[in-house]
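The values are calculated or read from the model by the stated rules, or taken from the named source; none is laboratory data. Just so it is clear, the model here is predicted, and its values are computed rather than measured. Here the Cβ positions follow ideal geometry from the backbone for every residue, glycine too, while neighbour counts run over all protein chains shown.
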């Protein structure tokens with residue numbers, strides 16, 4: 001009995017552990033791995049599309065790449081561009097497609113470099129301009145809804161469900177001046193949390209938000225990453241890039257972090273380079289504007305601020321100050337609004353309140 005208990009514990013702590021730990025066949029064991037129209041044989045990378053059929057609105061083709069390793073191993077799903085003007089993460093995943101050598105790979109990597117194609121094409125931040133919905137708020141989706149709902153449904157079925165691990169890529173949108181950071185979704189399920197914690201450390205970003213209290217119902221998971229989490233799949237969120245820019249350092253953080261996680265999961269040869277002594281963020285203290293007008297920031301991304309500190313102010317169109325934005329709590333400024341235009345209720349800043357290492 002003691003041997004059996006030890007064996008079960010090792011299985012639970014394995015980086016391959018997940019919803020298929022019961023012994024059923026893993027998708028990554030297949031000779032040909034298919035996502036949408038992308039079909040990759042062992043040792044190959046294939047590209048194609050996840051084809052969202054027309055419904056109440058237009059059809060959508062979502063680009064997807066599959067790197068199917070020469071050897072069996074876990075399935076890692078990577079997705080960017082839920083917000084199509086968070087450019088740095090989109091470009092990073094595009095570059096990652098060619099950076100992965102499938103002949104050196106054990107397992108399979110699903111890469112969706114750009115989910116919200118209409119947002120990218122039309123330069124519309126935050127939302128899908130086809131239906132006005134946020135493409136990171138409608139999971140697990142519906143086959144009968146609008147374009148965002150239908151896309152979320154197919155991403156759940158074709159990207160999340162075959163995966164063992166998931167990384168959700170974001171960054172500073174056009175109106176967000178953001179410093180790099182990550183989210184670790186702490187579920188309270190010890191084995192799953194241990195694996196996702198290892199992933200977020202291996203990715204290497206030096207500020208990590210401890211995320212708790214997200215929806216726990218798989219049928220109402222809301223977010224892409226949380227759709228994986230609620231299905232027992234270790235997953236993380238990473239953010240880099242600011243104010244719609246594509247800078248080499250931000251792209252490199254995303255590419256190198258992804259490769260480091262693959263090494264951590266034993267999908268690529270070599271050792272991961274985990275971040276040492278990261279700043280753990282206990283919670284976020286967000287600040288929104290109480291007035292519409294013109295915003296003037298007084299702080300920069302990455303700065304440490306004290307409770308009550310003035311972060312910026314809003315004027316009317318004649319220069320009269322009508323609102324002062326102050327920090328609710330002290331902490332590190334994860335992002336601050338990057339553009340002057342602002343409406344009532346728009347976010348001004350996100351302050352990460354520093355906590356203890358978990």
Checklist entry - Just to be sure, is residue 97 assigned to a helix (DSSP H, G or I), surrounded by fewer than 22 Cβ atoms within 10 Å (Cβ to Cβ) and touching a strand residue (DSSP E or B) at 6+ places or on another chain (Cβ under 8 Å)? => result yes
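Using the structure shown, decide if residue 157 is farther than 28 Å from residue 203 by Cβ and in the same structural domain as residue 257 (by TED's automatic domain parsing). Before the answer, list the steps.
Details: farther than 28 Å from residue 203 by Cβ: no; in the same structural domain as residue 257 (by TED's automatic domain parsing): yes.
For residue 157, the condition - farther than 28 Å from residue 203 by Cβ and in the same structural domain as residue 257 (by TED's automatic domain parsing) - is not met.
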Next on the checklist: Within the stretch 155-162, does at least one residue satisfy the condition of being buried (at least 24 other Cβ atoms within 10 Å of the Cβ), part of a strand (DSSP E or B), under 15 Å from the mean Cα position of the chain (by Cα) and at negative phi?
Outcome noted: no
Item to check | Residues of the stretch 278-300 that turn out to be over 20 Å from residue 211 (Cβ atoms) and either at pLDDT below 95 or in a loop (DSSP other than H, G, I, E, B) (or both), as a count | outcome: 7
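Mind telling me which of the residues 269, 358 ends up being in contact with a helix residue (DSSP H, G or I) (Cβ under 9 Å, 6 or more places away or on another chain), assigned to a loop (DSSP other than H, G, I, E, B) and at pLDDT below 95? It would help to see each step written out before you state the result.
Details: 269 fails: at pLDDT below 95.
Matching residue, one of 269, 358: 358.
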Checklist entry - Just one of the numbered conditions (1) within 16 Å of the chain's Cα centre (by Cα); (2) in contact (Cβ under 8 Å) with a residue 60 or more places away in the chain; (3) closer than 15 Å to residue 169 by Cα is not true of residue 244; which one? => result (1)
Checklist outcome for this item: Selection over the stretch 293-308 where residues are loosely packed, with under 14 Cβ neighbours inside 10 Å and either over 28 Å from the mean Cα position of the chain (by Cα) or under 20 Å from residue 320 (Cα atoms) (or both) yields a count of 3
Next on the checklist: Restricting to the stretch 205-241, give me the number of residues that are in contact (Cβ under 8 Å) with a residue 60 or more places away in the chain, more than 15 Å from the chain's Cα centre (by Cα) and on the phi > 0 side of the Ramachandran plot.
Outcome noted: 1
